[in-house]
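Have a look at the structure below before the remarks.
The values are calculated or read from the model by the stated rules, or taken from the named source; none is laboratory data. These numbers were taken from a predicted model, which means no experiment stands behind them. Cβ placement follows ideal geometry from the backbone for every residue including glycine, while neighbour counts extend to all protein chains displayed. Side chains are part of the model used for accessible areas, which takes the heavy atoms of the whole protein and leaves out ligands, DNA and RNA. Shrake-Rupley method; radii C 1.70, N 1.55, O 1.52, S 1.80 Å.
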Protein chains: 2
Amino acid sequence: MNIAIVGAGGAVGREILSILEGGALPFDNLRLFGSARSAGSKMPFRGQEIEIEQLTHDSDFSGVDFALVSAGGSTSIEYADVITRHGTVMIDNSSAFRMDADVPLVVPEINGEDALKAPRNIIANPNCTTIQMVVALSPINRISPVKRVHVATYQAASGAGALAMDELIQQHADLVAGREPHVEKFAYQLAYNVIPHIDVFTDNDYTKEEMKMYHETKKIMHSSSIEVSATCVRVPVMRAHSEAIWVETERPVSVEEAREAFMKAPGVVLMDDPAAKAYPMPLDIAGKDPVYVGRVRRDLAGSGLAFWTVSDQLRKGAALNAVQIVQCIIKKRHSA
Amino acid sequence: MNIAIVGAGGAVGREILSILEGGALPFDNLRLFGSARSAGSKMPFRGQEIEIEQLTHDSDFSGVDFALVSAGGSTSIEYADVITRHGTVMIDNSSAFRMDADVPLVVPEINGEDALKAPRNIIANPNCTTIQMVVALSPINRISPVKRVHVATYQAASGAGALAMDELIQQHADLVAGREPHVEKFAYQLAYNVIPHIDVFTDNDYTKEEMKMYHETKKIMHSSSIEVSATCVRVPVMRAHSEAIWVETERPVSVEEAREAFMKAPGVVLMDDPAAKAYPMPLDIAGKDPVYVGRVRRDLAGSGLAFWTVSDQLRKGAALNAVQIVQCIIKKRHSA
């Protein structure tokens with residue numbers, strides 16, 4: 001089995017490399033691809049170094065079983081044919097193909113079986129904010145179908161890439177030194193601020209990031225009747241996203257039922273002990289795999305539930321979910 | 001007219017002093033009170049200095065018309081009688097008396113008339129998160145009664161006091177210098193983190209801060225049928241609080257109606273032009289008086305509206321509202 005990482009020098013690419021280093025997938029050969037800028041640089045891997053190859057229209061992916069692609073939407077669109085033409089399955093982390101009818105959008109805990117129906121050899125990885133939300137909604141949905149979701153996000157700098165993370169640190173260093181902070185990767189200064197604007201605005205005045213949560217949730221959960229209203233906000237945090245969620249189901253689900261469902265759900269860790277000040281926070285959850293759930297309680301303004309989730313945007317929100325899609329396909333192929 | 005500020009050395013006390021310096025209230029004499037720790041220190045005011053007197057059970061408030069009190073709930077309870085016994089009207093910024101039936105809870109734009117019925121000479125200033133929310137909800141409520149509110153907050157360090165603001169700055173300075181950040185005023189490190197826990201937990205697993213938004217909204221808006229479910233979160237921001245709000249009214253209110261109502265509403269500034277990246281953010285709104293509203297759009301998971309508000313917690317969220325209560329009483333007495 002041969003694997004390629006496209007966008008190996010980026011924040012998500014590096015995270016995939018780290019997950020593979022931990023032994024998440026068996027493989028014979030690992031190839032790394034990147035832009036002209038990163039090509040030629042070497043990434044450490046298991047005591048050796050792997051050189052990043054430049055991705056071009058002549059790049060040869062024959063023999064590569066899976067390509068994990070995290071290089072932005074325009075690169076995914078431009079090189080999808082180059083990557084998949086010899087049968088390579090492309091796990092794409094961008095939003096480019098997510099809503100295409102012939103591209104499955106997969107969170108293995110929820111709709112892993114969809115990964116086997118990929119006529120274009122492209123499988124899309126959902127947006128980070130959607131992944132952690134649906135992993136938490138899914139156990140509730142199994143008790144009674146989810147009807148309405150309201151969600152406010154607290155999104156880390158990592159969602160905007162490695163350079164954005166550097167920029168947030170630099171902004172704080174500038175402020176401590178009494179210098180004007182440099183702003184480039186975000187719309188405005190993020191240090192000591194929150195910005196209610198991620199990705200571009202759409203016609204209904206929601207941002208594209210907010211509408212991803214609306215559309216992707218329906219597709220992953222196979223339900224056109226789940227309605228999601230999101231407010232997505234960037235906060236001065238490094239890696240993990242937090243979400244305040246209210247969910248309404250067809251029949252009311254009690255707090256006790258929900259807690260039990262969260263405890264049993266794959267990929268979910270319930271961290272909910274107010275008396276012990278135990279609830280998930282991004283600083284603690286950075287670098288961890290599961291979706292953490294806490295603050296579970298009755299929705300005082302409806303018949304549903306309120307809860308809080310935190311998950312590392314670079315792990316389950318991106319790199320880990322992509323690797324898990326590959327694991328899922330391998331397992332299902334073996335058991336087929 | 002004579003005025004006293006109790007807790008003059010604290011974050012809110014200093015802000016009241018700055019508002020009075022700007023000429024917000026006419027007065028002949030201004031007295032400052034504080035704890036044993038701050039007593040004797042001098043506060044600059046209009047080119048002079050006013051010494052902070054120690055608040056004791058022998059403090060004499062006779063002749064003081066209004067005392068603006070921001071020294072914490074236990075001080076308010078202990079000294080309420082000392083302050084009010086000679087007819088002084090106490091505007092209390094703590095949560096101690098807010099839900100007492102014989103203590104009005106006042107946001108002048110909404111229920112200013114309640115300030116005239118204060119049999120105990122105590123008027124309570126609502127919690128910061130409630131004030132900015134009800135100022136924004138009130139114009140919607142005038143179109144059609146508000147039924148349900150879901151709100152996620154992004155609360156600044158200032159809500160925890162002046163020392164907490166210092167601690168956040170120090171945490172960032174420590175991190176830039178490679179030192180372990182010092183944690184004292186917050187439950188956990190706030191720098192590069194968000195904490196879904198403000199004030200203590202109550203029996204229903206909501207925090208007291210969240211339940212303040214539930215109870216205080218009903219009292220201020222004179223409606224027992226408004227239901228509020230809040231998730232209150234501390235974020236690494238200095239002064240202004242942000243809130244993501246979803247509101248459902250008896251009959252649906254359109255985005256256009258809501259925008260027009262926000263534009264006309266007293267104390268509200270509509271800052272909502274997505275194409276120009278115009279929406280309120282705490283970094284811009286710090287030090288300003290109004291409640292800013294932006295991101296107004298249809299609730300995609302209900303029949304209501306979604307919007308975003310930002311307001312300076314120390315201004316409209318505390319000091320300014322207290323001063324406006326005094327202004328309101330003076331005006332209503334004159335016109336009576």
Quiz item: Nearest-to-axis residue of chain B, judged by Cβ, for the B-to-A rotation, with distance in whole Å?
Solution: B:Ala152, 2
Quiz item: In nm, what does the list of distances from A:Gly63 to its counterparts in the other copies look like, shortest first, when each label sits 7 Å along Cα to Cβ?
Solution: 9.6
Self-check item: Calculated FRET efficiency for the pair A:Lys42/A:His334, C-beta based, R₀ 35 Å, to 0.05
Solution: 0.55
Practice problem: Work out from phi, with θ = phi - 60° and the Karplus expression 6.51 cos²θ - 1.76 cosθ + 1.60, the ³J(HN,Hα) of each residue of the stretch A:73-90, listed in order in whole Hz, and give x for Gly and Pro. | Solution: x, 5, 5, 4, 5, 5, 10, 4, 5, 4, 6, 9, 5, 9, x, 5, 8, 9
Self-check item: Cα-centre dipole for chain A with unit charges at Cβ (Lys and Arg positive, Asp and Glu negative), debye to 20
Solution: 660
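When only Cα pairs under 8 Å and 6 or more residues apart are kept, what is the percent relative contact order across the stretch B:241-315? Display every interim value, and only then the final one.
On the way: 143 pairs, mean separation 30.6, N = 75.
For the stretch B:241-315, the relative contact order is 41 percent.
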Quiz prompt | For A:Met1, inter-copy label distances in nm, listed shortest first [label point 7 Å out on the Cα-Cβ vector] | solution = 7.7
Quiz item: Amide H to amide H, which residues 5 or more places from B:Met271 or on other chains are under 5 Å from it, using H placed in the peptide plane?
Solution: B:Val293, B:Gly294
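At 222 nm, what value in deg cm²/dmol follows for chain B if DSSP H runs of at least 4 each add -39500 (n - 2.57) and the sum is divided by all its residues, to the nearest 500?
On the way: 9 runs with 101 residues, N = 336.
Using -39500 (n - 2.57) per qualifying helix, the result is -9000 deg cm²/dmol.
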Quiz item: Taking every residue in A:294-300, how many Cβ atoms of other protein chains lie within 10 Å of its Cβ, on average?
Solution: 6
Quiz item: Which lysines have a Cα less than 19 Å from the Cα of B:Lys277, not counting those fewer than 8 places away in the same chain?
Solution: A:Lys185, A:Lys208
Quiz item: Any idea what the B:Gly161 label distances to the other copies are, label 7 Å down the Cα→Cβ vector, nm, shortest first?
Solution: 4.4
Quiz item: How many Cβ atoms of partner chains, on average, are near each residue of B:193-205 if near means within 10 Å of its Cβ?
Solution: 6
Quiz item: Give me the log10 of I(q) over I(0) for the protein assembly as shown at q = 0.06, 0.08, 0.10, 0.12 Å⁻¹, as the Debye formula computes it from C-alpha points; what are the numbers?
Solution: -0.37, -0.63, -0.92, -1.24
Practice problem: Mind listing the long-range amide H neighbours of B:Val6? Cut-off is under 5 Å, sequence gap 5 or more, other chains count too, H placed in the peptide plane at 1.01 Å from N. | Solution: B:Phe33, B:Leu68, B:Val69, B:Ser70
Quiz item: For chain A, which span is the longest to avoid every loop-located (per DSSP) member of GluC sites (Glu not before Pro) having at most 15 other Cβ atoms inside 10 Å?
Solution: A:1-183
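Work through the residues other than A:Ala191 whose Cβ is under 11 Å from its Cβ and net out their charges, Lys, Arg +1 and Asp, Glu -1.
-2
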Practice problem: Please list A:Phe201, B:Phe186 in order of solvent-accessible area, largest first, computed with a 1.4 Å probe with all protein chains present. | Solution: A:Phe201, B:Phe186
Quiz prompt | A:Ile325 - accessible surface, heavy atoms, 1.4 Å probe, Å² rounded to 10 | solution = 0
Quiz item: Accessible surface of A:Lys332 in the full protein assembly, 1.4 angstrom probe, to the nearest 10 Å²?
Solution: 70
Quiz item: Sorted from largest down, what three extents in whole angstroms do the Cα atoms of chain A have along their principal axes?
Solution: 62, 58, 42
Self-check item: Low-density loop positions, chymotrypsin sites (Phe, Trp or Tyr not before Pro), the stretch A:275-336 - DSSP coil, at most 16 other Cβ in 10 Å
Solution: none
Quiz item: If r is the Cβ-Cβ distance from A:Ser35 to B:Ile169 and R0 is 51 Å, what FRET efficiency results, to the nearest 0.05?
Solution: 0.85
Practice problem: Post the alpha-carbon centroid distance, the stretch B:50-78 to the stretch A:173-223, in whole angstrom. | Solution: 45
Practice problem: Evaluate E = 1/(1 + (r/R0)^6) for A:Ser254 and B:Glu51, where r is the Cβ-Cβ distance and R0 equals 56 Å; express this FRET efficiency to the nearest 0.05. | Solution: 0.45
